[in-house]
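See below for the structure under consideration.
The values are calculated or read from the model by the stated rules, or taken from the named source; none is laboratory data. Remember, predicted model here, so these are calculated numbers, not experimental data. Just the protein is used for accessible areas: all its heavy atoms, side chains included, with ligands, DNA and RNA removed. Shrake-Rupley method; radii C 1.70, N 1.55, O 1.52, S 1.80 Å.
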Amino acid sequence: MLDAIYDLNYHISMKKILFRKLLTDYLTFFILALLSSSIIVWVFQAVNFLDIMIEDGRDYIVYINYSLLHFPKILAKLFSFVLFFSVFYVTIKYENNNELLIFWNFGIHKKELVNLVLRFSLVMTVIQIMLTSVLVPNSQDTAKSFLRKSTVNVFENFIKPQRFNDTIKNLTIYSEKKDSEGNLYNLYVKKKINDNEYQITYAKKGLFRNLNNTPYLVLFQGETISGKGKNTTKLKFLRSEFPLNNIETNTTTYKKTQELSTINLINCIKKINQVSINKINFADDQIENCSTRNLRSILKEIYKRIIIPFYIPLLMLVPYLLILISKENENFSKLKYATFFIGLSFIIFSETTIRLISTNSLLNYFLFGIPFLSVALLYMVLLKNFNFNHNST
């Protein structure tokens, strides 16, 4: 009796050790792969963001903060694929090294292993939902706020020769040539004061200077044309100082749908559903971008943040098709390729279904149910095959 109890406790403790080791290997490989791939993508993206500082004349601190705050979005984008690849790779490694035999020798049924992975996948799903629903929208909004609040303070950078530069709101600057010392030649400067008033300046030469901590565009040998309604006046000058203080940039000041919090998106959908059908052009002033015209974009964002992460349990179960047959089976090599492409197809399918989201409730409910139905079907297929193989042996 005591020996039986001892053997039972021994098997239970060994199961825990084996399960812990398997999950640790999954997590270790996943974290390393996710961080390394995300850093590589972030570096390439950060290079593209250099335009914010170079062409728009932003400060380097704005550039650094803006770039770093895009890192959570990259993590969320790569999360599902890296997780699937990690489970796929580690499972194949266990099979090739005969480590899965240890599980079977200790009486662990394949069903127990699948149930363990399914529970683990639910934890990863919650993490992904936290990423897409909380961290990513907040980081995107914070990143955009740096641009909203920042000003152009490196004026020499954003002027490109033979281009109409309109980074500054209501101000367009054109220069035919720019030398290595920052001197601009044959300038055209147009300033819009209001709808009926404007100012156009031509100059042979110009350069940026700070005078008493105030940025100026100093112009030489030119003419200024001021217009108000139908009246115009002309003024020639040898030297003129064009102040550039209290300026605004052309950066978008309103929040985009992807930058809104998930709570606001859900509240917006509730309000739209509560209004009368006759109010086709309903808009809520308290929530930005909350209107019937933007309903489809809001539904897409909700689907992307909350529903697509539920494809994770499916992606983590797909690699367990590999344990349906032994690696000695001649079809095992084909099964490896088939399993990988099945998982990859589900990832592509989950992303493409975003385009199908519409204001049609029935279609949306169907799309929302696909990941849950797919997980249930795959789970039943695995259990049926496991039970069949177990009974056969």
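Things to note:
- Accessible area of the stretch 288-393 belonging to carbon and sulfur atoms, whole % at 1.4 Å probe: 64
- The overall shape of the stretch 273-372 is prolate: from the C-alpha gyration tensor, with semi-axes ordered a ≥ b ≥ c, the ratio a/c is 1.5 or greater and a/b exceeds b/c.
- Ligands, DNA and RNA left out, the accessible area of the stretch 85-127 computed with a 1.4 Å probe is 63% carbon and sulfur.
- For a straight C-alpha distance cut-off of 16 angstrom, the lysines reachable from Lys191 (same-chain residues fewer than eight places away being disregarded) are Lys169, Lys228, Lys234.
- The Cα-based radius of gyration of the stretch 93-140, divided by its Kirkwood radius, gives an Rg/Rh of 1.28.
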